[in-house]
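Everything on this sheet refers to the single structure shown next.
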């Protein structure tokens, strides 16, 4: 079945009953992000309205909706949304890659791709914990995975398939002699390949 918005294959139905439409991974992620942004805007408007009423009448209107705050790393083990980072790993990481992978995992969960999201998370954490990999190798693997997972959400005609194949090969070569990462890569790699 084709996506209602583009020519990709649909992976889920958005809406209820007769009003549901088929959407691909890319279009459903855009829909979910739009819904989440709208909900956050409504919450901020509600908080502002409650604060205005409080200031006018001097009466507390009750609790406010929580606002999203950035995660600050000060030590110990931190779960950066999905990927757990050890204090000893913080210095070797490009936290931008981890943040990007966390956003991709969020997007995959939001479009009901739990198996793929779980395996991206498991693989990222396994790479971070690998004693047999150098810091440079860990960075190369995570950067490659970051690029590959971003391509999941591109339209088929815009996907950089040759680049993705090269990155698949690079990841395979780096984790070839690592037990934990390689085992998870053997599950994750075929799941990713189905999108290219």
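The values are calculated or read from the model by the stated rules, or taken from the named source; none is laboratory data. All of these numbers come straight from a predicted model, not from anything done at the bench. Every residue, glycine among them, receives a Cβ derived from its backbone with ideal geometry; neighbour counts consider all protein chains shown.
For the subset of region 158-177 comprising residues that are in contact with a helix residue (DSSP H, G or I) (Cβ under 8 Å, 6 or more places away or on another chain) and more than 13 Å from residue 148 (Cβ to Cβ), which member is surrounded by the most Cβ atoms within 10 Å (Cβ to Cβ)?
175
In this structure, does residue 50 turn out to be over 21 Å from residue 188 (Cβ atoms) and either modelled with pLDDT under 85 or not in a helix (DSSP H, G or I) (or both)? Step through it out loud before you land on a result.
Working: over 21 Å from residue 188 (Cβ atoms): yes; either modelled with pLDDT under 85 or not in a helix (DSSP H, G or I) (or both): yes.
So residue 50 fits the description; yes.
Since residue 33 meets every condition but one in (1) assigned to a helix (DSSP H, G or I); (2) under 23 Å from the mean Cα position of the chain (by Cα); (3) without any contact (Cβ under 8 Å) to a residue 12 or more places away in the chain, which condition does it not meet?
Every listed condition holds for residue 33 apart from (3).
Please tell me if residue 73 is assigned to a helix (DSSP H, G or I), surrounded by 12 or more Cβ atoms within 10 Å (Cβ to Cβ) and modelled with pLDDT under 60.
Values: assigned to a helix (DSSP H, G or I): no; surrounded by 12 or more Cβ atoms within 10 Å (Cβ to Cβ): yes; modelled with pLDDT under 60: yes.
No; evaluated as a whole, the condition is false for this residue.
Tell me whether region 132-140 contains one or more residues that are in contact (Cβ under 8 Å) with a residue 60 or more places away in the chain and over 27 Å from residue 5 (Cα atoms).
Step one: list which residues in region 132-140 are in contact (Cβ under 8 Å) with a residue 60 or more places away in the chain, which gives none.
Checked against the condition, which is being in contact (Cβ under 8 Å) with a residue 60 or more places away in the chain and over 27 Å from residue 5 (Cα atoms), region 132-140 yields no hits at all.
Which count do you get for residues in region 103-118 that are within 10 Å of the chain's Cα centre (by Cα) and under 14 Å from residue 33 (Cα atoms)?
Of the residues in region 103-118, 8 are within 10 Å of the chain's Cα centre (by Cα) and under 14 Å from residue 33 (Cα atoms).
Report, by residue number, each residue of region 109-126 that is without any contact (Cβ under 8 Å) to a residue 60 or more places away in the chain and either more than 22 Å from residue 182 (Cβ to Cβ) or surrounded by fewer than 23 Cβ atoms within 10 Å (Cβ to Cβ) (or both). Talk me through it step by step, then tell me what you get.
Going through region 109-126, the residues without any contact (Cβ under 8 Å) to a residue 60 or more places away in the chain turn out to be 109, 114, 117-118, 121, 124-126.
Listed by number, the residues that qualify are 109, 114, 117, 118, 121, 125, 126.
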